[in-house]
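Okay, so here's the structure we're looking at.
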Amino acid sequence: MNKYCRFFKLISFIFLLCFFSGSLSALSIEESFGTLSQIFSGYQSNDAGLTVFRSLAIPSGGKAESLGTAFTALCNDAGYFEYNPAGSSVLDNTELALYHNAWIADSALETVSFATRIRNLGLGASVRSFYVPFTQYDGLGEELSKGYYSESFAMLNASYNFFTSYKFKGVSFGATLKAGYRSVPDFIDSYIKESIPVSEEVSGSTQSAFAFLGDFGVLYRTNVNNYFSSRIPNFRMAFALTNLGFVLPKDDAKESVSSTLALGLSWQFSEKCTVMGEVRESLNLTDFSAVGLPAVAFGTEMRLANNFALDLGFLLKGANPKFSLGAQIDINLFSLNFNYSLDLATSFHPINRISLSIRSKLGDGGRAEDRSLADSYYIRGLEQYLDGNYTEAISSWRKVLLIDSDYQSASRAIDLAKKLLIIEDYIETIDETAVF
């Protein structure tokens, strides 16, 4: 597996050279954008311009965006909110995360997410707001109106990991409820009536709207060709339906939110390297014929040091191929992520498509300590068992189950020790009743 890891490091180095050398020759890249646009024009989605709350398609940033948004199966940090609601029940730590994504021109997306886990139950809450400054001028350059166009969402998440055991890590099911509001600033509506200029202020509330949506997801984890020591399964499969719901008030065009069906895979084939990919199909619930080609996303994460990881990603969605490059630095209980995306909407003057995130790890609720304590009792039980002290061994293994009821090795060991005690009692009975 080391040769594969070296191969991916080489690929990442080549990617870095191409990425930054391309950035230095921005003019030639911008000229090539026109050619790329023509090549991928056939991938344009049929529902373009027919759906609202399009800010939901903008990633908050963090590791998920660095991996080309191929995060539905991996979903191992607070970024799971946008991809798979089943992720909260398998998080290693309670997390508080802040995201900033400088999107296009002056638009930006700010996100705050919190997620925690209580044994097999995952809970989370997130707030995200996309905003664009708005200023209206008249023909003479006088300011008429100003404000912000924004789309904001509040989300509540819950998930549960079912059928867990010592070897089988269970199947997670999750759901997220979303409530969103689109705010349109007031503006001056100018028109000519009977050759007399007339201007009247129009309230943005007439074009504002609410959205009530839900996400549903499933996550299955197992081991596939796992050649390194880890209790975390190295292979994940996931299914997610996101942004199912309705918008109020509805307009005459019957615009709806673009829902998404996603299927994803993630495979950690070595201790340092993980690859992932997924396919996503947009669904227009008011017009099922408005479906284009599915989006495809790929990503790879390389742990180059204990506290540093490099992420690469590619996303083809619509007619806009996107490459992502990200770096994650772990400092004590904090993880910092920097991401840069290159696609047909990327600007070099000024530079945009940069996202930053910081995640605070607030502990694992004592799960690691409990796991260590359960292991120590289990090992003590094995030592007592080898010494023939079956009763003491059973007592130690019962302490294991009090800490972790899914510790199947302890359950099987207790059953075996009980059978040996029965055999011992039987042999003693035979010895006592034997006549020589």
Query raised in the report: Heavy-atom accessible area of LEU261 with all protein chains present, probe 1.4 Å, nearest 10 Å²?
Result: 60 Å²
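Order ASP215, ASP387, ASP404, ASP92 by their accessible area, 1.4 angstrom probe, all chains in place, largest first. Mind showing how you got there, number by number?
Values: ASP215 0, ASP387 115, ASP404 50, ASP92 90 Å².
Result of the area sort, largest leading: ASP387, ASP92, ASP404, ASP215.
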Requested in this report: May I ask you to derive the FRET efficiency for PHE228 and ASP370 from their Cβ-Cβ distance with R0 = 22 Å, giving the value to the nearest 0.05?
Outcome: 0.40
Report summary line: Of GLU424, GLU65, GLU271, ordered by accessible area with the largest first and a 1.4 Å probe, the sequence is GLU271, GLU424, GLU65
Requested in this report: Enter the accessible area of ARG398 (Å², nearest 10), with the probe set to 1.4 Å and all protein chains included.
Outcome: 120 Å²
Report task. Give the calculated FRET efficiency between SER347 and ARG54 to the nearest 0.05, with a Förster radius of 22 Å applied to their Cβ-Cβ distance. Result -> 0.70
Requested in this report: Can you grab the distance from the C-alpha centre of segment 255-274 to the C-alpha centre of segment 311-364, Å, no decimals?
Outcome: 16 Å
Query raised in the report: How many nm separate the modelled label positions at LEU382 and ARG119, each set 7 Å beyond the Cα in the direction of the Cβ?
Result: 2.6 nm
Report task. Please go through the residue pairs LYS178/LYS272; LYS63/LYS317; LYS272/LYS361 and name each one whose alpha carbons sit more than 28 Å apart in this structure. Result -> LYS178/LYS272
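Can you sort TRP267, TRP103 by 1.4 Å-probe accessible area, starting with the largest? List each step's numbers first, then the result.
Numbers: TRP267 75, TRP103 45 Å².
If we order TRP267, TRP103 from most to least accessible, we get TRP267, TRP103.
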**Report entry** Ellipsoid semi-axes in whole angstrom, largest first, where each is sqrt(5λ) of the Cα gyration tensor of segment 310-436
**Finding:** 62, 16, 9
Query raised in the report: With labels modelled as points extended 7 Å from the Cα through the Cβ direction, what inter-label distance (nm, one decimal) is found for PHE216 paired with ALA327?
Result: 4.3 nm
Query raised in the report: Once label points are set 7 Å from the Cα along Cα→Cβ at both ILE430 and VAL296, what is their separation, rounded to one decimal in nm?
Result: 6.8 nm
Report summary line: Counting only protein heavy atoms and leaving out ligands, DNA and RNA, the solvent-accessible surface of LYS146 at a 1.4 Å probe, in Å² to the nearest 10, equals 130 Å²
Report summary line: P(r) of segment 80-186 over all Cα-Cα pairs, 10 Å bins starting at 0, rounded to whole percent, reads 14, 33, 23, 15, 9, 4, 1, 0
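The values are calculated or read from the model by the stated rules, or taken from the named source; none is laboratory data. Small disclaimer: the values here were computed from a predicted structure and weren't measured. Here Cβ is always computed from backbone atoms with ideal geometry, including for glycine, and neighbour counts include all displayed protein chains. Note: accessible area is taken over every heavy atom of the protein model, side chains too, but ligands, DNA and RNA are not part of it. Shrake-Rupley method; radii C 1.70, N 1.55, O 1.52, S 1.80 Å.
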